[in-house]
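Asker: Before I ask anything, let me first share the structure, which is written out below as structure tokens.
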Amino acid sequence: MQTYQEMSKEELYGIKEGLEKEYARYKGLGLALNMARGKPAPEQLDLSMPMMDVLDSSSVLQSVDGTDCRNYGELDGITEAKELMAQIAGTTPEHVLVYGNSSLNVMYDTVSRSFIHGVMGHTPWCRLEKVKFLCPVPGYDRHFSITEFFGVEMVNIPMTAEGPDMDMVERLVSTDETIKGIWCVPKYSNPQGISYSDETVRRFAALKPAAKDFRIYWDNAYAVHHLYENDQDHILDIISECEKAGNPDMVYEFFSTSKVSFSGAGVAAIASSVDNLADIKKQLGVQTIGHDKINQLRHVRYFKNINGINAHMMKQAAIMRPKFEMVEHILEEELGGLGIGNWKKPKGGYFICFEALEGCAKNIVAKAKEAGVGLTAAGAPFPYGKDEKDSVIRIAPTFPSMEELEQAAKIFVLCVKLASIEKILA
């Protein structure tokens, strides 16, 4: 098979004519399909509906230590919820503080707290002339939105097959005291689906930051989100690795059940050193008397332990996996060998990352929108929404039905072909 780059102009114009007719047909259908955000499908949420029957008006709403979950208190979260969340993160309960329903909220709070009050007695960031964060790219747009909102200068760090470019991370962190943090999605990264290697995790744990208040923002969002039962990625526990390296305070780990149970009604948590948690609770104790313990109890009584979580996630995988595989099949069947795009086959997480020819991403997304397919904005996986190569597109296969997804994927590859030919001919 010839790549588009190897074809003559006459051949490309001939192909373009046929593609434009097909594109016009799709536009005439008036479709409204969505592959923009990584939302669970209704069928995934249906799996958790029995959780609503776990508690009723006759239930004894006491935790294992006798705490009345209807009342105030337990700033850390109830004992059994700390145990369950620790199992999800792969750490121990003394390292865990259970929050409300959203890990994004916890991350925002953590950055905000650092600006207003500082980190463990260090100068509040709002008093500093400059604050920088390292941002592995492509990455999670909501991370970048938080730091942009606070006026943080974001520095791109290229991703490799084993995680962020650690040579670059080590050099920058050790020489620049204005660098206060780094965003990380260490397992099935958003959007590439990359899991950090053991060496990468150990190098993170052994960092020697110039800033004493530097923290790794370890967003372990997809800790249990495998697509395959017998082909799963596993990462080292960053909490214990930091302890071994003599840097117990250097990491904040965030995670939740938002894509496990109910998005928007799950349980979120932060894992960190005992000293970091004590520092966090100084503000948290003013902010709230405690989070929703009844929801914590509901989750624990339904899932019971990590085995219950894993069994539930395999039911979710059975819904998600065919969607990922269908999109991957269409990409391979329609674009394989044409030299106009690359993509990775993730083993978990919520996204497929597509890399188009340089200068084509915005055009592809615009064409798809015109044909009735919504995609995440080109540039979104980069700080400030700026993809210098204009090539990365995040595909979210989970929410649409199989029928809708097949149609959306076919329109997507059509737009890739059209935009690529236009680029080559130009």
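The values are calculated or read from the model by the stated rules, or taken from the named source; none is laboratory data. Source: prediction; values computed, not measured. Note: ideal-geometry Cβ built from the backbone for every residue, glycine included; neighbour counts use all protein chains shown. For accessibility, only protein heavy atoms count, side chains too; no ligands or nucleic acids. Shrake-Rupley method; radii C 1.70, N 1.55, O 1.52, S 1.80 Å.
Asker: Looking at the stretch 360-387, I want the residues that are within 22 Å of residue 133 (Cα to Cα) and in a helix (DSSP H, G or I) and have a partner that is of a type in the set (A, V, I, L, M, F, W, C) and open to solvent by 40 Å² or more (accessible area, probe 1.4 Å) with Cβ atoms under 8 Å, at least 6 apart or on another chain. Which pairs are those?
Answerer: If the second residue must be of a type in the set (A, V, I, L, M, F, W, C) and open to solvent by 40 Å² or more (accessible area, probe 1.4 Å), the pairs left are 385/377.
Asker: Something else now. Can you name the residue in the stretch 195-219 that is part of a loop (DSSP other than H, G, I, E, B) and open to solvent by less than 10 Å² (accessible area, probe 1.4 Å) and, of all such residues, is nearest to residue 161 (Cα to Cα)?
Answerer: Taking the stretch 195-219 first, the residues part of a loop (DSSP other than H, G, I, E, B) are 195-197, 206-214.
Filter again for open to solvent by less than 10 Å² (accessible area, probe 1.4 Å), leaving 196, 207, 211, 213-214.
Details: 196: 8, 207: 20, 211: 28, 213: 29, 214: 25 Å.
Looking at residues that are part of a loop (DSSP other than H, G, I, E, B) and open to solvent by less than 10 Å² (accessible area, probe 1.4 Å), I get 196.
Asker: For the stretch 170-185, enumerate the residues that are charged (D, E, K, R) and crowded, with 24+ Cβ neighbours inside 10 Å.
Answerer: Keep residues of the stretch 170-185 that are charged (D, E, K, R), which gives 170-171, 176-177, 180.
180, the sole residue that qualifies.
Asker: Right, here's the next one. Would you check which residues across the stretch 1-47 are small (Gly, Ala, Ser), surrounded by 10 or more Cβ atoms within 10 Å (Cβ to Cβ) and within 30 Å of residue 227 (Cβ to Cβ) and list them?
Answerer: Passing the criteria: 36, 38, 41.
Asker: So is residue 228 in contact with a Gly (Cβ under 9 Å, 6 or more places away or on another chain), open to solvent by 40 Å² or more (accessible area, probe 1.4 Å), assigned to a loop (DSSP other than H, G, I, E, B) and more than 22 Å from residue 207 (Cβ to Cβ) or not?
Answerer: Criteria met by residue 228.
Asker: Is there a residue in the stretch 186-194 that is in contact with a helix residue (DSSP H, G or I) (Cβ under 8 Å, 6 or more places away or on another chain), over 16 Å from residue 249 (Cβ atoms), open to solvent by less than 50 Å² (accessible area, probe 1.4 Å) and not acidic (Asp, Glu)?
Answerer: Yes - at least one qualifying residue is present in the stretch 186-194.
Asker: Restricting to the stretch 310-330, name every residue that is out of contact with any Leu (no Cβ under 7 Å at 6 or more places or on another chain), surrounded by fewer than 20 Cβ atoms within 10 Å (Cβ to Cβ) and among the hydrophobic types (A, V, I, L, M, F, W, C).
Answerer: 311, 314, 318, 319, 330
Asker: Give me the residue from the stretch 149-168 that is assigned to a strand (DSSP E or B) and out of contact with any Cys (no Cβ under 9 Å at 6 or more places or on another chain) and, out of that set, least open to solvent (accessible area, probe 1.4 Å).
Answerer: Across the stretch 149-168, the extreme among qualifying residues is 159.
Asker: Here's something else I'd like to know. Just to be sure I understand, how many residues within the stretch 173-187 are farther than 24 Å from residue 347 by Cβ and either in contact with a strand residue (DSSP E or B) (Cβ under 6 Å, 6 or more places away or on another chain) or in a strand (DSSP E or B) (or both)?
Answerer: Here is the first cut: in the stretch 173-187, the ones farther than 24 Å from residue 347 by Cβ are 173-181.
Now narrow it down to the ones that are either in contact with a strand residue (DSSP E or B) (Cβ under 6 Å, 6 or more places away or on another chain) or in a strand (DSSP E or B) (or both): 173, 178-181.
Final tally of qualifying residues: 5.
Asker: Taking the stated definitions as given, is residue 178 more than 28 Å from residue 353 (Cβ to Cβ), of a type in the set (S, T, N, Q) and modelled with pLDDT of 95 or more? First the steps, then the outcome.
Answerer: On the way: more than 28 Å from residue 353 (Cβ to Cβ): yes; of a type in the set (S, T, N, Q): yes; modelled with pLDDT of 95 or more: yes.
It is true that residue 178 is more than 28 Å from residue 353 (Cβ to Cβ), of a type in the set (S, T, N, Q) and modelled with pLDDT of 95 or more.
Asker: In addition: Hey, can you tell me all the residues within the stretch 331-366 that are more than 17 Å from the chain's Cα centre (by Cα) and within 30 Å of residue 262 (Cα to Cα)? I'd like the intermediate steps shown before the answer.
Answerer: Here is the first cut: in the stretch 331-366, the ones more than 17 Å from the chain's Cα centre (by Cα) are 331-343, 355-366.
Listed by number, the residues that qualify are 343, 365.
Asker: Scan the stretch 33-50 for residues that are more than 18 Å from residue 315 (Cβ to Cβ) and either touching an Asp or Glu at 6+ places or on another chain (Cβ under 8 Å) or not in a loop (DSSP other than H, G, I, E, B) (or both) and jot them down.
Answerer: 33, 34, 35
Asker: Residue check, residue 235 against (1) in contact with a His (Cβ under 9 Å, 6 or more places away or on another chain); (2) assigned to a loop (DSSP other than H, G, I, E, B); (3) of a type outside the set (Asp, Glu), all met but one. Which one?
Answerer: The number of the failed condition is (1).
Asker: Could you list, in sequence order, the residues of the stretch 397-426 that are open to solvent by 10 Å² or more (accessible area, probe 1.4 Å) and closer than 26 Å to residue 320 by Cα?
Answerer: 399, 401, 402, 403, 404, 406, 407, 410, listed by residue number.
Asker: Can you find even one residue in the stretch 111-124 that is among the polar types (S, T, N, Q), farther than 29 Å from residue 310 by Cα, assigned to a helix (DSSP H, G or I) and open to solvent by 10 Å² or more (accessible area, probe 1.4 Å)? Before you say what the answer is, go through the steps one by one.
Answerer: Just the residues of the stretch 111-124 that are among the polar types (S, T, N, Q), to begin with: 112, 114, 123.
Within this subset, residues satisfying the condition of being farther than 29 Å from residue 310 by Cα are 112, 114, 123.
Now drop any that are not assigned to a helix (DSSP H, G or I), which leaves 112, 114.
Filter once more, so that each one left must be open to solvent by 10 Å² or more (accessible area, probe 1.4 Å): 112.
Within the stretch 111-124 (the criterion being among the polar types (S, T, N, Q), farther than 29 Å from residue 310 by Cα, assigned to a helix (DSSP H, G or I) and open to solvent by 10 Å² or more (accessible area, probe 1.4 Å)), the answer is yes, since at least one residue qualifies.
Asker: Name the residues in the stretch 299-331 that are touching a strand residue (DSSP E or B) at 6+ places or on another chain (Cβ under 9 Å) and of a type in the set (D, E, K, R), would you?
Answerer: 328
Asker: May I ask you to list the residues in the stretch 331-354 that are out of contact with any Phe, Trp or Tyr (no Cβ under 7 Å at 6 or more places or on another chain), open to solvent by 10 Å² or more (accessible area, probe 1.4 Å) and either more than 22 Å from residue 163 (Cβ to Cβ) or β-branched (Val, Ile, Thr) (or both)?
Answerer: Across the stretch 331-354, the qualifying residues are 332, 333, 334, 336, 337.
Asker: Can I ask one more? Of the residues that make up the stretch 251-261, is at least one open to solvent by 10 Å² or more (accessible area, probe 1.4 Å), under 19 Å from residue 228 (Cβ atoms) and hydrophobic (A, V, I, L, M, F, W, C)?
Answerer: No: zero hits.
This table checks each residue for (1) in contact with a His (Cβ under 6 Å, 6 or more places away or on another chain); (2) farther than 17 Å from residue 416 by Cβ; (3) touching a residue at least 24 places away in the same chain (Cβ under 8 Å).
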| position | (1), (2), (3) |
| --- | --- |
| 2 | no, no, no |
| 30 | no, yes, yes |
| 39 | no, yes, yes |
| 57 | no, yes, no |
| 66 | no, yes, no |
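Asker: With the checklist (1) out of contact with any Lys or Arg (no Cβ under 9 Å at 6 or more places or on another chain); (2) in contact (Cβ under 8 Å) with a residue 24 or more places away in the chain in hand, flag the one item residue 158 doesn't pass.
Answerer: Failing condition for residue 158: (2).
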